[in-house]
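Chemist: Here it is: the structure, laid out below.
A short reminder: the numbers here are calculations on the coordinates, not readings from a lab. The model shown is predicted, which means the values in this text are computed figures rather than measured ones. Note: ideal-geometry Cβ built from the backbone for every residue, glycine included; neighbour counts use all protein chains shown.
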Amino acid sequence: MIDQLAEHEASAIAAIDGAETLDGLAEAKTASLGKSAPLTIVQRQLGSLPAEERKEAGKALNEVRRRVEARLDARTAELAEAERAARLVAERLDLTEVPTDVAVGHAHVVTQAWEELEDVFVGMGFRIAEGPEAETDWHNFDALNIPPGHPARDGFDTIYVDHGPPGSTLLRTHTSPVQIRTMLDEDPPIHIVAPGRVFRRDTPDATHTPVFHQLEGLVVDHDISLADLAGTIEAFTESYFGAGFHSRLRPNYFPFTEPSAEFDIQQPDGTWLELGGCGMVHPNVLRAGGIDPEEWTAFAFGFGIDRLAAMKFAIDDLRELFTNDVRFLSQF
Ligand code: DAH
């Protein structure tokens, strides 16, 4: 019987070592230790042996079983590790093979100008403010000293929104309502710029688009003067356009400022380009923003970001900014 055991052990070990997969090993386990395995059959036969022989054979059988089980455990660990390693190799993503000739996009020329303007003004001590694109008639007009029937309303080709009483909601025609919202939200001193999208019912041509972008500035503080406004515009001009560029103010009219001016940028070749509007904030506007005009003074300015970008990059048709022709956009 002992000889027989050695033979069964050898074939069990051979089956275990021969298994190449965990499934194969499960079969080897059944074959060597399962119900109809030779070792199990031997075990069942032990009972029919004489007592002395049974004890010895039983001990030998136990040792064989223990060795077979140990070998089974070792092979299980080996195969599990091999299968895991194989799976990792199979699932690996080769990130080195990203093609290098793919065209990578970049920010739109208007976005570039917008972000650069924010950097320049933040560098000068301004914070960025925001307001909604769908605005109330009150914030866009009344609060800015443009009451119903004021001729300045006709100057804006306003797009109204079907919301609330007729004429009460519109797509903001300028970023100036952000002045009102900021004053109502915060106590002075206030130093903000508000870049944003604005809308007018315009037929697109080289110098007009129905959707465009503006940047609004507002400073509310003690003893603010027109000199502070002119100095701020000049500092911005040099900082954004570079050395050799200068600015000037020309008298103009806006309902929300008094006095009001238009500001122009002088290029190094001496030519002047009109950029935006500005002025000392009208007392009615400060009051609409909940600020006492006896205690505080303020200046404001506003200009078109698209027009500024067009100026900086010598783009002669604003419609190019909206047609999304990659051949055009990739130049900037
Ligand atoms: N809101 C004016 C426009 O869209 C631009 C403007 C002019 C803004 C004068 C100002 C300002 O803040 O003081 O035409």
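Chemist: Straight distance only, please: which lysines reach the Cα of Lys59 with their own Cα at less than 17 Å, same-chain residues fewer than 8 apart left out?
Modeler: Once the sequence-local lysines are set aside, nothing remains near Lys59.
Chemist: Arrange the peptides 306-315, 234-243 so that the one whose residues have, on average, the most other Cβ atoms within 10 Å appears first. Don't jump to the answer; show the numbers that get you there.
Modeler: Details: 306-315: 18.2, 234-243: 15.9.
Per-residue mean Cβ counts within 10 Å order the peptides as 306-315, 234-243.
Chemist: I would also like to ask the following. Tell me, what ³J(HN,Hα) does each residue in region 56-61 have, in order and in whole Hz, if you take phi through Karplus 6.51 cos²θ - 1.76 cosθ + 1.60 with θ = phi - 60° and put x for Gly and Pro?
Modeler: For region 56-61, the Karplus curve yields 5, 5, x, 4, 4, 4 Hz.
Chemist: Using θ = phi - 60° and the Karplus form 6.51 cos²θ - 1.76 cosθ + 1.60, what ³J(HN,Hα) does each residue of region 198-207 get, whole Hz, x for Gly and Pro?
Modeler: Running phi through 6.51 cos²θ - 1.76 cosθ + 1.60 with θ = phi - 60° gives 10, 9, 9, 6, 10, 7, x, 9, 4, 10 Hz.
Chemist: With a sphere of radius 15 Å drawn around the Cβ of Thr257, what net charge do the other residues whose Cβ falls strictly inside it have (Lys, Arg +1; Asp, Glu -1)?
Modeler: Residues near Thr257 contribute -2 overall.
Chemist: For region 187-193, take each phi angle, set θ = phi - 60°, evaluate the Karplus expression 6.51 cos²θ - 1.76 cosθ + 1.60, and give the result in whole Hz per residue in order, putting x for glycine and proline.
Modeler: So the J values, rounded to whole Hz, are 8, x, x, 10, 9, 10, 10.
Chemist: Could you point to the residue in Phe299, Pro189, Ala86 farthest towards the positive end of the chain's charge dipole, with +1 and -1 charges on the Cβ of Lys/Arg and Asp/Glu respectively?
Modeler: Ala86
Chemist: What ranking, highest mean first, results for peptides 171-177, 43-49 when packing means the other Cβ atoms within 10 Å averaged over each residue?
Modeler: 171-177, 43-49
Chemist: A further question follows. Please list 33-39, 321-327, 131-137 highest first by mean number of surrounding beta-carbon atoms within 10 Å per residue.
Modeler: 131-137, 33-39, 321-327
Chemist: Treating only the Cβ of Lys, Arg, Asp and Glu as charged (+1, +1, -1, -1), what charge dipole size does region 221-287 show about its Cα centre? Round to the nearest 20 debye.
Modeler: 160 debye
Chemist: Within 10 Å of each residue's Cβ, count the other Cβ atoms and sort Asp187, Asp317 from fewest upward.
Modeler: Taking fewest neighbouring Cβ atoms as first place, the list is Asp187, Asp317.
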